[in-house]
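To start, the structure under review is shown below, and the notes come after it.
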Amino acid sequence: MVQKVHVNVGTIGHIDHGKTTLTAAILAVQACRGMAQAKSYADVSKGGTVRDETKTVTIITSHVEYETERRHYAHVDCPGHADYIKNMITGAAQMDGAILLTSAVDGPMPQTREHILLARQVGVPHIVVFVNKCDLVDDPDIIDLVEMEARDLLTKYGYKGSQVTVIRGNAKGALEHPDDPQFSGCIEELLAALDTEIPDPYRDVDKPFLLAIEGVHQIEGRGTVVTGRIEQGLVRAGDDVEILGLAEPIRTVCTSVEAFRQVLDVGSAGQNVGLLLRRVKQDQVCRGQVIAAPGSILPRRKFQAEIYALTKEEGGRHSPFFNGYRPQFYFRTTDVTGDTKLVGKTEMVLPGDSVSVRIGLDKPVALEPGTRFAIREGGRTVGSGVVTEVD
Ligand code: GDP
Ligand code: MG
């Protein structure tokens, strides 16, 4: 049997517009076809908790799964606005595409706007719109208006608003009558849109090679070996690679790929490996640098980011920070100190806030939009962030 392509999606949008109801409705409709396990609204909304990559931020989400003929979907639904923000900034549940809900009664609201903006900043590549609660609106002109507002808002934040698929539906009806085509039709349309509008995601192995160095070892008679987990891509003996970050870049060749004392033909994303490097001395390379396919990523000092300051309860600061704040920024395997500039009208950042900032690092680090980091003070994590723009 051919394995179905796996795709990560989730519901976003203003509170009470029907995200959880729609999530339960998708399960109910697909359960009728044997392609999901039905869950009640209460079970979906109860959810569970996940930790982000740095294992510091706890996010309440509901993870559900369903299938279509072509695909397997993992879908996240968060209960509260703050959980969406944290989720998107920390990448606790990265989405290949999002389902943006807007109620036909209210149209886009402040959280609708904020979720679109964040989705754009953290690199959610595709959005499908579901105008919900159409059963409560008799005048089709009003629904046209809501659809237009949603398209305009998407365009404003850099999505192709005029081209996105907009589905009109009634999630509550579909949840209550999943086997009645009159009600399940909107769910079928939505799933067809997900199948076609969200392209098959790039798998990590298809991306350019990148490994964050965790250790450096000198092997008698052989040379310098760096160890770490391959974050993305593939590496083979004989490949040209670059050592990047913290110091001047070095171009070299990986002469052997090894794991558990065995020589590998190829190392691929997810594996822990050791790489033997040609003519590189032990003191020319260190933890915190990355080894990457030449030209695929650049070391940088300055960038823009979206950050979330942990609350006191989450182990964060007890007091706000201000313009010029100088913590350490933890990228992959190391801390680098840097300056924080607040942008716009922000004057201070309280624990629990999420804001846009400009960061200037003391040393360059290989990063690009979408790279995630932790903010630390003396080894304690006080925040989480994602790079949104590089200079
Ligand atoms: P969330 O905060 O976005 O997750 O919204 P919920 O899914 O919790 O829905 C909020 C309220 O709207 C609940 O009382 C739902 O029953 C109701 N609701 C959701 N979808 C529809 C719909 O299509 N039609 C109607 N009439 N009510 C709906
Ligand atoms: Mg909800």
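Listing for the model above:
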{"quantity": "Selection count, the range 314-372, where residues are of a type in the set (S, T, N, Q), part of a loop (DSSP other than H, G, I, E, B) and closer than 19 Å to residue 121 by Cα", "calculated": "2"}
{"quantity": "Hits in the range 330-368 - residues which are among the hydroxyl-bearing types (Ser, Thr, Tyr) and touching a residue at least 12 places away in the same chain (Cβ under 8 Å)", "calculated": "330, 333, 334, 337, 340, 354, 356"}
{"quantity": "Lone unmet requirement of (1) outside the structural domain of residue 337 (by the TED database); (2) assigned to a loop (DSSP other than H, G, I, E, B); (3) within 28 Å of the chain's Cα centre (by Cα); (4) basic (Lys, Arg) for residue 229", "calculated": "(2)"}
{"quantity": "One residue from 184, 162 being among the hydroxyl-bearing types (Ser, Thr, Tyr), assigned by the TED database to the domain that holds residue 113 and exposed (fewer than 13 other Cβ atoms within 10 Å of the Cβ)", "calculated": "162"}
{"quantity": "Some residue of the range 146-159 being in contact with a Leu (Cβ under 6 Å, 6 or more places away or on another chain), touching a residue at least 24 places away in the same chain (Cβ under 8 Å), assigned to a helix (DSSP H, G or I) and in the same structural domain as residue 121 (by the TED database)", "calculated": "no"}
{"quantity": "Test: residue in the range 85-97 that is within 22 Å of residue 131 (Cα to Cα), in the same structural domain as residue 122 (by the TED database), within 13 Å of ligand 1 (Cβ to nearest atom) and in contact (Cβ under 8 Å) with a residue 24 or more places away in the chain", "calculated": "no"}
{"quantity": "Test: residue in the range 200-216 that is surrounded by 20 or more Cβ atoms within 10 Å (Cβ to Cβ), farther than 19 Å from residue 286 by Cα and out of contact with any Cys (no Cβ under 7 Å at 6 or more places or on another chain)", "calculated": "no"}
{"quantity": "Residue in the range 247-257 that is of a type in the set (Gly, Ala, Ser), touching a strand residue (DSSP E or B) at 6+ places or on another chain (Cβ under 8 Å), at positive phi and touching a residue at least 40 places away in the same chain (Cβ under 8 Å) present", "calculated": "no"}
{"quantity": "Residue match in the range 71-84 (condition: assigned by the TED database to the domain that holds residue 131, more than 15 Å from ligand 2 (Cβ to nearest atom), closer than 25 Å to residue 181 by Cβ and touching a helix residue (DSSP H, G or I) at 6+ places or on another chain (Cβ under 8 Å))", "calculated": "yes"}
{"quantity": "Given (1) within 20 Å of residue 123 (Cα to Cα); (2) part of a strand (DSSP E or B), number of the condition residue 381 does not satisfy", "calculated": "(1)"}
{"quantity": "One residue from 276, 264, 234, 246 being surrounded by 17 or more Cβ atoms within 10 Å (Cβ to Cβ) and under 27 Å from residue 378 (Cα atoms)", "calculated": "246"}
{"quantity": "Condition check for residue 29: touching a residue at least 40 places away in the same chain (Cβ under 8 Å) and either closer than 30 Å to residue 376 by Cβ or within 16 Å of ligand 2 (Cβ to nearest atom) (or both)", "calculated": "no"}
{"quantity": "Matching entry among 98, 82, 104 (being within 26 Å of residue 57 (Cα to Cα) and surrounded by 21 or more Cβ atoms within 10 Å (Cβ to Cβ))", "calculated": "98"}
{"quantity": "Scan of the range 96-119 for residues that are part of a loop (DSSP other than H, G, I, E, B) and within 16 Å of ligand 2 (Cβ to nearest atom), ordered by number", "calculated": "106, 109"}
{"quantity": "Boolean, residue 193 is aliphatic (A, V, I, L, M), in contact with a Ser or Thr (Cβ under 6 Å, 6 or more places away or on another chain) and either in the same structural domain as residue 368 (by the TED database) or more than 16 Å from residue 95 (Cβ to Cβ) (or both)", "calculated": "no"}
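Per-residue answers, yes or no, for (1) hydrophobic (A, V, I, L, M, F, W, C); (2) at pLDDT below 90; (3) within 16 Å of the chain's Cα centre (by Cα); (4) within 16 Å of ligand 1 (Cβ to nearest atom):
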| residue | (1), (2), (3), (4) |
| --- | --- |
| 63 | no, no, yes, yes |
| 67 | no, no, no, no |
| 78 | yes, no, yes, yes |
| 82 | yes, yes, yes, yes |
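Results for (1) in a loop (DSSP other than H, G, I, E, B); (2) out of contact with any His (no Cβ under 8 Å at 6 or more places or on another chain); (3) surrounded by fewer than 16 Cβ atoms within 10 Å (Cβ to Cβ), shown as yes or no for each residue.
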position	(1), (2), (3)
15	yes, no, yes
20	no, yes, no
25	no, yes, no
30	no, yes, no
39	yes, yes, no
42	no, yes, yes
45	no, yes, no
63	no, no, yes
66	no, no, no
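The values are calculated or read from the model by the stated rules, or taken from the named source; none is laboratory data. Just so you know, these numbers come straight off a predicted model, no measurement behind them. With ideal geometry, Cβ positions are generated from the backbone for all residues, glycine too; neighbour counts draw on all protein chains shown.
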